[in-house]
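Notes for the one structure printed next.
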Amino acid sequence: MSTDILIGILSTMGAGIAAQWVAWRFRLPAIVLLFALGLALGPGLNVLHPSASLGWLFRPFVSLMVAIIVFEGGLILDFRQLREAGEGVIRLTMLALPINWVLGLLAAHYVAHLEWGTAALFGAIITVTGPTVVLPLLRHNKLQPRVAAFLRWEAIINDPIGAILAAVVLQVMTVRAESGAGAFLTGALPDLLASSAEALAAGVLPAYLVNYLFQRDLMPEPLKTPLLLTLALLIFSVCNLSMEGAGLIGATVFGMALTNLHVPGLSELRRMKESLVVLVVSCLFILLTADLHRTVLERLSLPIFSLTLLVLFVVRPVAIFFSTLGTGLTWQERVFVGWIAPRGIVAAAVAGAAGFRLADAGYRSAALIMPAVFAVIAVTMILHGFSLRPLARRLKLTLSNEPALAIVGASHWTLDLASCLHQQGVPVLLVDNRSSALMPAARRSLPILRAELLSQYGEEALEERPADYLIATTADGIYNGMVCAHMAPHMGRQRVFQISPGVARLDFYHGLSRDARGKVLGEPSWNYTLIDTLFEKGWRFVSTTADEASAAAFGNMQNRLDILSIRRGISISIRSAEDEQHIVPAPGDLLVSMLPPPEAESQPEGMTQRDAV
């Protein structure tokens, strides 16, 4: 039996990561593939039986995994960023969430004929649109910055708040069922408020303790991340002792408190938790879906199907319509935001645990929670996941489908490069933290971003204006390396480049570590001083469409710097001496090179043929 469990766990992990890779490679919604895998392995082929195999361990295991997910959601929620996001995003939480809850409750009661307690829990669960579902969709689809920001922040904010709402509703329903209305008001309600206050304190006080330890260097670096994860799980478990569901409140508040106290050293945790959450979500979604019995699927009756359609086409659109009145959103943006709301892992996990609790409390319709919530999850994942791109195009809310390039560092020659690309219709973004440096680009109507990319704000601002590739071009080689190292986990290590920091610094043993910098743009001798000098001598960036001759000569001609080869709608190839295979453009590709002025007939002083290749 133990061997079977081990094989099942390893198979689930492997299948989950494989599904994530397929989703990334072919730009598919990962959650749809995970859902399909779970259905195939569980109710379909009858191969995977998580609750039967793990027995009593299954529910605590799921609960702890959910604790990690809601803790991660709390870590994302910085109140400063919420204020900067604007009134519209705040309305999506302060107004849209309660409207969603009330309308979902009424729909569940009157359409699916659920009891009031079960209907209230259903309404609370479907308010959650988690970042683990929405953010990958936004990364794979280039939306206009404002509508992307709305969906992104709604998911980030509603994830912990919706989970807390579901936990409170669950506790209210179970306590009231056990003690009756009179006893609930006199005894259970004060206990509920006390338990909620304890959960808040249990989340906040350890965060202050962590901040004290970290700021005074009382915790070694290798122990920081394990300490935070252990505390999150411990807070979740201890809070659940006083009130079932209070652990969600405690774990979420702990993450929120850490972020808003700006505890030093959280960057390492954020990077690790991103990878951890991908693994947790992949495994947990497969396990929860596989644990659906065929009897549960058989409960997918016409009322539940009608309820699902009502949630999609009435509840969500109406809530968004009323909550966004007066926000300045266009009708296209309101229609889009009203439609796109895929539910994910938090909704599935809460539904899985809550159904058992309500059944134990005596609610006859508690068995319908799982099929009702999973019907909403399945339909929203499929319809929203596959309709997002065509709907956004139809409403003209997308950016160009061309691969985009971010250039960090505004100077005379980067402005020329950006202008060259912009004139050819290649999406380009010039990034700098100095307003004066960006003014010439603004006068030419070039896309600009004034931000420090090493800040959290800059990183998130770049996510809302998605770039597929990045070149760091400032005069400071160390800063360029820091930017590339910071952005590599998000964009891909093979997609971040920097101009050479100097030949000596590229030594693999004595020079800058490859993990601490980007790939070298062009040849090692192409440093900032060389390119800036060439520009002062009249060299300029020129784009040409490749034919067979120019494609074959790319990177092999003297007295020019061949830099980019762009395949429309597919990829940008950036030359680097560190590539194992040289770029081979195809006829029709757009080639971008830096060329001398027409009257120049000889190479610049000090520039060898190798330098110009």
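Kindly provide the helix-only [θ] at 222 nm of the chain, computed as the sum of -39,500 (n - 2.57) over DSSP H runs of four or more divided by all residues, to the nearest 500 deg cm²/dmol?
Calculated mean residue ellipticity at 222 nm is -19500 deg cm²/dmol.
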inquiry  = Rolling a 1.4 angstrom probe over the protein chains, ignoring ligands and nucleic acids, what is the accessible area of Tyr110 in square angstrom, nearest 10?
reply    = 150
Residue-count net charge about Cys484 - beta-carbon cut-off 9 Å; Lys, Arg +1, Asp, Glu -1 = +3
key: Options (i) 3, 15, 23, 25, 20, 10, 3, 0, 0; (ii) 3, 15, 24, 23, 17, 11, 5, 2, 0, 0; (iii) 3, 12, 15, 12, 9, 8, 9, 10, 10, 8, 4, 1, 0, 0 - which one matches P(r) over Cα pairs in 10 Å bins from 0, in percent as calculated here   = (ii)
Protein accessible area in the chain, 1.4 Å probe - carbon and sulfur % = 62
query = Hey, what's the chain come to in accessible area per residue, 1.4 Å probe, Å²?
reply = 44
query = Sorted by accessible area (1.4 Å probe), largest first, how do Met557, Met482 line up?
reply = Met482, Met557
inquiry  = Given the whole protein assembly as supplied and a 1.4 Å probe, what does the accessible area of Phe305 come to in Å², nearest 10?
reply    = 110
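Which net charge results for the neighbourhood of Leu453, defined as the other residues with beta-carbon distances under 15 angstrom from its beta-carbon, given Lys and Arg at +1 and Asp and Glu at -1?
That sum, taken over residues with Cβ under 15 Å, equals -2.
So which DSSP H runs in the chain come out at 15 Å plus along the axis (Cα) with average Kyte-Doolittle of at least -1.0?
Span-like helices, by this rule, are 2-26, 58-76, 96-110, 145-183, 189-215, 221-242, 246-260, 266-290, 345-360, 369-394, 412-423, 477-491.
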ask   = How big is the accessible area of Tyr212 in square angstrom, nearest 10, if you roll a 1.4 angstrom probe over the protein chains?
value = 110
note = Order by accessible surface, 1.4 Å probe, largest leading, for residues Trp56, Trp153 comes to Trp56, Trp153
query = Hey, if we sort Glu548, Glu460 by accessible area with the 1.4 Å probe, largest down, what's the order?
reply = Glu548, Glu460
key: Dipole of region 434-474, positive end: most advanced residue of Ala437, Ile448, Ala472 [Cβ charges, Cα centre]   = Ala437
inquiry  = If you restrict to DSSP beta bridges whose two residues both lie in the chain, what percentage is antiparallel, to the nearest 5?
reply    = 45
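The values are calculated or read from the model by the stated rules, or taken from the named source; none is laboratory data. For clarity, every value in this text was computed on a predicted model and none was experimentally measured. When we count neighbours, we look across all protein chains shown, and the Cβ atoms used for this are built from the backbone with ideal geometry, even at glycine. Remember, those area values only see protein heavy atoms, side chains included, never the ligands or the DNA or RNA. Shrake-Rupley method; radii C 1.70, N 1.55, O 1.52, S 1.80 Å.
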